[in-house]
Each structure stands twice: as structure tokens, then as C-alpha cells.
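Comments concern the structure below.
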Amino acid sequence: MNVEAVKKWMILFTEKVNQNKAYLSELDRAIGDGDHGMNMARGTTEVMAALEAKNPATVADVFKLTGMTLVSKVGGASGPLYGSAFISMAKEAGTTDSLLAILQAGLNGIEKRGQAVPGEKTMIDTWQPVIKALAAGNLSEQTIADAVAHTKEIKATKGRASYLGERSIGHLDPGAVSSGYLFETMLEAGVTND
Amino acid sequence: MKKIINQPEEVVNDMLEGFVYAHSDLIERIPETGVIIRKQETPHKVALISGGGSGHEPAHAGFVGAGMLSAAVCGPVFTSPTPDQILEAIQKADNGAGVFMVIKNYSGDVMNFDMAKELAEMEDIAVDFIIVDDDIAVEDSTYTAGKRGVAGTVFVHKILGAAAENGASLTEIKALAEKIVPNIKTLGVALSGATAPEVGKPGFTLAEDEIEFGVGIHGEPGYRREKIAPSKALAQEIVSKLKEAFQFKPDEHYGLLVNGLGSTPLMEQYIFTNDVGSLLAAEGLNVDFKKVGDFMTSIDMAGLSLTLIRLEENKWLDYLNVPTKTIAW
């Protein structure tokens, strides 16, 4: 995996989150506490600043700096969840170059931190189908969009949205949407298995 | 809102500066963080840390000092501190014997402290933890899966702090924590809601003649609202719920903590304590340890909570009794 491509990925992700921060917060207002867009925009912007200031030399260091910055700047539940994903990815990237293995480590980190599994209307419902498609060699923008859209149908059983029970159905999960941006920009940046 | 503050968004910072100014003999602040750390070194002993959102003063900074916490991580009002701050506390507090974290059971706290543990382990610092869930009022609450962690946490600080001071290892402290926490139970009653400075209005409102049993320390809903009743009747309700939870047996040994929630005068706290004492005596229980005052508040909430600890081992009583050098125990 190419460190420059990974940095480009983080830049594109930051841009996408910032372009859509009002939309993410609007989604969060419907089923959460309404701050997902602002928090993620603040966090990713800080990631940009940190990457520029420290200019990490390896993929593992990019992920670690990203994770540490997100946990300290995002707050709420998204901070520790995205932070765990990137820090787990950093650990994995220290031993392998496989994107599949690295993303799987990221998903494991999220599942462990959030004590959640697929099908609970969380960011995991984007991560898991994306990783599955990547393993099958057919990950596309469409796969990502389908995974994100599917969270509309799910009843939330984890996170703050779970207090709404049945009423959470019909709403996209904001964390699943921001994770969708993460994987779309991964494809755009050309981050692949080789 | 009528409060003695400056900028609402600066309350935690201003308060911590005040803490350090007033108690510079005991504590200091790690610059640029919400971490309050004890001044005296305790080489080769396990460091106990705790923390969470601010607004519960004197918890947790007031319990930093010899015999209790090594550090307290103070987040924004009613909001968990972030893992980088907790990590700073772990790094600075560690004396080479590892760090033990006391976490109140709120989803945000659990996630952030757990994350900090993972970060510390990447730096080869041994970290373990206990989650305190002493509030018997309700299962699953606004910010919690399971039961909430409230005033009983202070007993955990005291007992584990004394054990750490005594030289207990990280493994021994974990084992002790797992034994005491199921024996600590709390139930409270609120007379009015708390006003967080940045919010500016109470988190919930009760009528002039109304109370609510089982309200959480962030204003989470309790289990019943009713008309205000004499202290004896409030004590009766709370003790009967604790009796059910503990399954009191005559001659058992207990410790009690009557905790003011922020705006309840000591006069009322002692009246209530007296009523609780009569009820516990009628149950044939030995109450070997008593503490009354504000320990785990909810800003300016009026009301109080009763915590009982069943003293299964004499050692626990010794740990409660040994003197500390802290601001608020």
C-alpha cells in the first residue's frame, strides 16, 4: 500500500465530510443528538492539520496519527469508534500490506469498542458489506451506496438511535453514511490491495 | 439561570484552576488537559485513576491524594473526557506497577476509557479497570446500557485506593474491585433538576410539591414521581428498595453514604441519615461505617442518594477507615 495514496485518501475523506457536514448533522438530528457532521468535520480537519505538521512516513503512522487525532477531537461515540478503527488499522498495517486485512482489523476494532454486530443500524453495516465485496474482488461505488442505503430499513438496537426503536426505521444511520464517504474516497484515492 | 461563573464554556477550566490554586499542597494539573494529579509520589504502587464528565464535584478531583486516586480526568460538563486526556493521566500516574481505572457505567465513559487502555497498552503500560453500576433505580438509561454508576463509586475509590496504598498488585486490585462492586448499591431522590451552564435551563422540571425517585446524576429519568413526603417516608421508600436488592439478613455488616446532589443542605441530609439509621437498626443490621455530605453531585440538583455497601470482609471496613490526604473524603 502506497503512503501517498493513503494520505490522498485522508484528504479526500476530509473534503467529503466537510462538504456534507450539514447533511450528516441533519441525519443525526432525526435519530441521534444532531452533532455527527460538526464533530466529524472538526475531527477530519484536525487530521489534515496533523498530517501536514508531522508528515508521517509510513501507512501505519498515517493511520495512527489519524486515529489519535479523531479520538481527541471528535468526541461523543464517533471519536472512539473511528479512532479505534484507525488505530487497529495502524497496528495491522505494521505487519501487512493487505488492504483487506487492514480494513478487517478496523472493523474488528469498531465491533469491539461499540460492542455491536452487523444488522444493528450502525457504521458496521457499511464496513461489513464493503469488506465482503473487497474480499470478493467486486467492491464498487454501487456496493457502498447499497450498503449505506440499506441502513434505512434497519431498526436500531445499538447507540442512541436505539431509544427510538421502531421509529428509527426509515432513517439512514449517520455513522454508516460517513463510513460510506470513507470508502468512496478510498476508491477515489486509488487505495487498493497492491 | 443565576450562577457564579464567567463564560459558560470556560466553567471546567476555571474550576480546575481554582482547585489547583486552593489545594496546591495536594494536587496539580497536567497543563492543557483536564487531568488533576496528586503531588506526592507513590513509587512502585498501583496508580488508581477515575474521572468522567464534570459537574459532579467534589468527584472526582476532590478524591485525588494519598490513599485514594492518583489522578482524575475531568471532561466537559456531563460529557466523557477523550482518550488522549485519559492516556495522559495514565502515563503520568503510572509508577511502574500499572494503572487501575474506576469507570462509572455510561456508554461514553466506558468507550473512552477502554480506548485509552488500548493506547496505554501500545506503550507497554499495564492497565486494568472496573465498571461501577451501583444505581439500582433502572436498567438501561439515557446514556447507559445496564445500570448507572453513581455515588457508590466513591466507596470504590476509597477501598481500592487504600489497597493500592497498602501495596496491592494490579491483579489483586482487580480481584478486590470485582468483589466489592456487586456489594455496593445506591438509590436517590430528586427535588429539582440540574442546570448545566452551557444549557442554561434545568434538564428536567418537577412541580413545587413533587419529587422523583431514581433520577440519574445527569437528570436521567427515575422510576416514580410523587408528592413530597416527610424525610421518614422518603427513607422508607429508599431503604425498602435497597432491602429488596440486597436481601438484608439480620446481623449483616454494612457501611452507608448519604450523598447530597448539590443543592440539599446538610441539615436535610442529617435528618434523612437519622431516619435511615432507625430503619437499618430495625432490620437488625450493623452499620459500621457512616459518611454524610456532598460526594457525587449533579451541579445544583436538589435531592440526595443513599449508598450501602455490604461489608463481606472486615478488611473492607479497615480500608474505609484508613485516613487519606484528599480534598473531599
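So if I check each of B:Glu198, B:Glu208, which one is touching a residue at least 60 places away in the same chain (Cβ under 8 Å), assigned to a loop (DSSP other than H, G, I, E, B), open to solvent by 30 Å² or more (accessible area, probe 1.4 Å) and of a type in the set (D, E, K, R)? Steps first, please.
Details: B:Glu208 fails: touching a residue at least 60 places away in the same chain (Cβ under 8 Å).
After ruling out the rest, the residue left standing is B:Glu198.
Contact list please: Cβ distance under 6 Å, first residue in region A:72-91 and more than 8 Å from chain B (Cβ to nearest Cβ), second residue open to solvent by 10 Å² or more (accessible area, probe 1.4 Å) and among the hydrophobic types (A, V, I, L, M, F, W, C), pairs at least six apart or on different chains.
Note: pairs meeting the criteria are A:Ser88/A:Ala105; A:Met89/A:Ala105; A:Ala90/A:Ala60.
Could you figure out which of (1) more than 14 Å from chain B (Cβ to nearest Cβ); (2) touching a residue at least 12 places away in the same chain (Cβ under 8 Å); (3) in a helix (DSSP H, G or I); (4) over 16 Å from the mean Cα position of the chain (by Cα) isn't true of A:Gln142?
(2)
When the residues of region B:265-286 are filtered to those that are among the polar types (S, T, N, Q) and assigned to a helix (DSSP H, G or I), which remaining residue is farthest from B:Phe246 (Cα to Cα)?
Within region B:265-286, the subset among the polar types (S, T, N, Q) is B:269, B:273-274, B:278, B:286.
Next, only the ones that are assigned to a helix (DSSP H, G or I) stay: B:269, B:273-274, B:278.
Values: B:Gln269: 23, B:Thr273: 19, B:Asn274: 21, B:Ser278: 18 Å.
Checked region B:265-286; the qualifying residue farthest from B:Phe246 (Cα to Cα) is B:Gln269.
When B:Asp251 is evaluated against the numbered criteria (1) in contact (Cβ under 8 Å) with a residue 60 or more places away in the chain; (2) at positive phi, which criterion, by number, is the only one it fails?
Among (1) in contact (Cβ under 8 Å) with a residue 60 or more places away in the chain; (2) at positive phi, the lone unmet condition for B:Asp251 is (1).
Suppose the filter is assigned to a helix (DSSP H, G or I), among the small types (Gly, Ala, Ser) and without any contact (Cβ under 8 Å) to a residue 60 or more places away in the chain; does A:Ala161 pass it?
On the way: assigned to a helix (DSSP H, G or I): yes; among the small types (Gly, Ala, Ser): yes; without any contact (Cβ under 8 Å) to a residue 60 or more places away in the chain: no.
So A:Ala161 does not fit the description; no.
Report yes if some residue within region A:117-134 is open to solvent by 30 Å² or more (accessible area, probe 1.4 Å) and over 22 Å from A:Glu92 (Cα atoms); otherwise report no.
yes
For region A:1-103, list the helices (runs of 4 or more DSSP H) that sit wholly inside it and hold at least 1 residues that are modelled with pLDDT under 95, closer than 20 Å to B:Ala116 by Cα and hydroxyl-bearing (Ser, Thr, Tyr); which are they? So that I can check it myself, show each step before the final result.
On the way: elements: A:3-19, A:21-31, A:36-54, A:59-73, A:78-93.
Those helices (runs of 4 or more DSSP H) span A:59-73, A:78-93.
Filter region A:150-187 down to the residues that are open to solvent by less than 20 Å² (accessible area, probe 1.4 Å) and among the small types (Gly, Ala, Ser) and list them by number.
A:Ala156, A:Ala161, A:Gly165, A:Ser168, A:Gly175, A:Ala176, A:Ser178, A:Ser179, A:Gly180
Would you call B:Lys104 buried (at least 24 other Cβ atoms within 10 Å of the Cβ), free of Cβ contacts under 8 Å to residues at least 60 places away in the same chain and under 26 Å from B:Val322 (Cβ atoms)?
Working: buried (at least 24 other Cβ atoms within 10 Å of the Cβ): yes; free of Cβ contacts under 8 Å to residues at least 60 places away in the same chain: yes; under 26 Å from B:Val322 (Cβ atoms): yes.
Yes; evaluated as a whole, the condition is true for this residue.
Residue-by-condition table, conditions (1) touching a residue at least 12 places away in the same chain (Cβ under 8 Å); (2) touching a Pro at 6+ places or on another chain (Cβ under 8 Å); (3) in a loop (DSSP other than H, G, I, E, B); (4) among the hydrophobic types (A, V, I, L, M, F, W, C):
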| position | (1), (2), (3), (4) |
| --- | --- |
| B:Lys3 | yes, yes, yes, no |
| B:Asn6 | no, no, yes, no |
| B:Glu17 | yes, no, no, no |
| B:Val20 | yes, no, no, yes |
| B:Pro31 | no, no, yes, no |
| B:Lys45 | yes, no, yes, no |
| B:Ser50 | yes, no, no, no |
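Counting only residues that are away from chain B (no Cβ under 14 Å), touching a Leu at 6+ places or on another chain (Cβ under 9 Å) and open to solvent by less than 30 Å² (accessible area, probe 1.4 Å), how many does region A:92-110 have?
2
All but one of (1) at pLDDT 95 or above; (2) of a type in the set (Asp, Glu); (3) open to solvent by less than 50 Å² (accessible area, probe 1.4 Å) hold for B:Glu118; state the number of the condition that does not hold.
(1)
Looking at region A:37-57, can you tell me whether even one residue there is open to solvent by 20 Å² or more (accessible area, probe 1.4 Å), in contact with an Asp or Glu (Cβ under 6 Å, 6 or more places away or on another chain) and away from chain B (no Cβ under 14 Å)?
no
Quick one: B:Ala72 ticks every box in (1) crowded, with 23+ Cβ neighbours inside 10 Å; (2) free of Cβ contacts under 8 Å to residues at least 40 places away in the same chain; (3) within 18 Å of the chain's Cα centre (by Cα); (4) not in a strand (DSSP E or B) bar one, so which box is it?
Looking at each condition in turn, B:Ala72 falls short on (4).
Can you tell me which residue in region B:139-182 is modelled with the lowest pLDDT, limited to those that are in a loop (DSSP other than H, G, I, E, B) and surrounded by 18 or more Cβ atoms within 10 Å (Cβ to Cβ)?
Applying the first criterion (in a loop (DSSP other than H, G, I, E, B)) to region B:139-182 yields B:139-140, B:142-143, B:145-151, B:166-169.
Now drop any that are not surrounded by 18 or more Cβ atoms within 10 Å (Cβ to Cβ), which leaves B:143, B:147-151, B:168.
On the way: B:Tyr143: 78, B:Lys147: 94, B:Arg148: 95, B:Gly149: 97, B:Val150: 98, B:Ala151: 98, B:Ala168: 97.
By that ranking, first place goes to B:Tyr143.
The values are calculated or read from the model by the stated rules, or taken from the named source; none is laboratory data. As the structure is a computational prediction, the values presented were derived from the model and not from experiment. FYI the Cβ positions are ideal-geometry reconstructions off the backbone, even for glycines, and counts take in every protein chain you see. Side chains included, ligands, DNA and RNA excluded: accessible areas come from the protein's heavy atoms. Shrake-Rupley method; radii C 1.70, N 1.55, O 1.52, S 1.80 Å.
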